[in-house]
Amino acid sequence: MPDIVGCYKGKFFGIECKAGKNTPTPLQEKNLRDIKKTDGIAVVVNEDNMNDIGTLLEGVNRLQDIPDPWSQWHEGGVD
């Protein structure tokens with residue numbers, strides 16, 4: 001399981017934190033791949049790129065602004 005997991009605006013995320021040039025273990029890589037396969041967000045961060053998480057979450061915000069093409073089905077607008 002990644003070091004940080006959560007859900008932001010309905011989008012599951014997993015963040016693996018590493019120091020310096022450390023890399024994820026094979027099991028950690030598998031878990032991150034599994035998260036991505038289910039349309040989640042999976043990233044590895046260290047002190048060089050940890051501030052990019054804000055940019056990643058802004059992308060989730062932009063996705064929330066796109067109209068859901070299936071909403072008409074949920075609202076009973078289509079028989």
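So, in the stretch 13-30, of the ones that are touching an Asp or Glu at 6+ places or on another chain (Cβ under 8 Å) and on the phi < 0 side of the Ramachandran plot, which residue ends up surrounded by the fewest Cβ atoms within 10 Å (Cβ to Cβ)?
Ala19
Which ranges mark the helices (runs of 4 or more DSSP H) fully within the chain that have 3 or more residues being at pLDDT below 90 and among the hydroxyl-bearing types (Ser, Thr, Tyr)?
No helices (runs of 4 or more DSSP H) qualify here.
Need pairs with beta-carbon distance below 9 Å; first residue within 24 Å of Gly59 (Cα to Cα) and of a type in the set (Ser, Thr, Tyr) and within the stretch 25-40, second modelled with pLDDT under 95 and not in a helix (DSSP H, G or I); sequence gap 6+ or separate chains.
Every condition considered, the pairs that remain are Thr38/Phe12.
Of the conditions (1) touching a residue at least 40 places away in the same chain (Cβ under 8 Å); (2) within 17 Å of Asn61 (Cβ to Cβ); (3) surrounded by 14 or more Cβ atoms within 10 Å (Cβ to Cβ); (4) not charged (D, E, K, R), Tyr8 satisfies every one except a single condition; which number is it?
(3)
The values are calculated or read from the model by the stated rules, or taken from the named source; none is laboratory data. Since this is a predicted model, take the numbers as computed values, not measurements. A quick note on method: Cβ atoms are made from the backbone with ideal geometry, for glycine too, and the neighbour counts reach across all protein chains shown.
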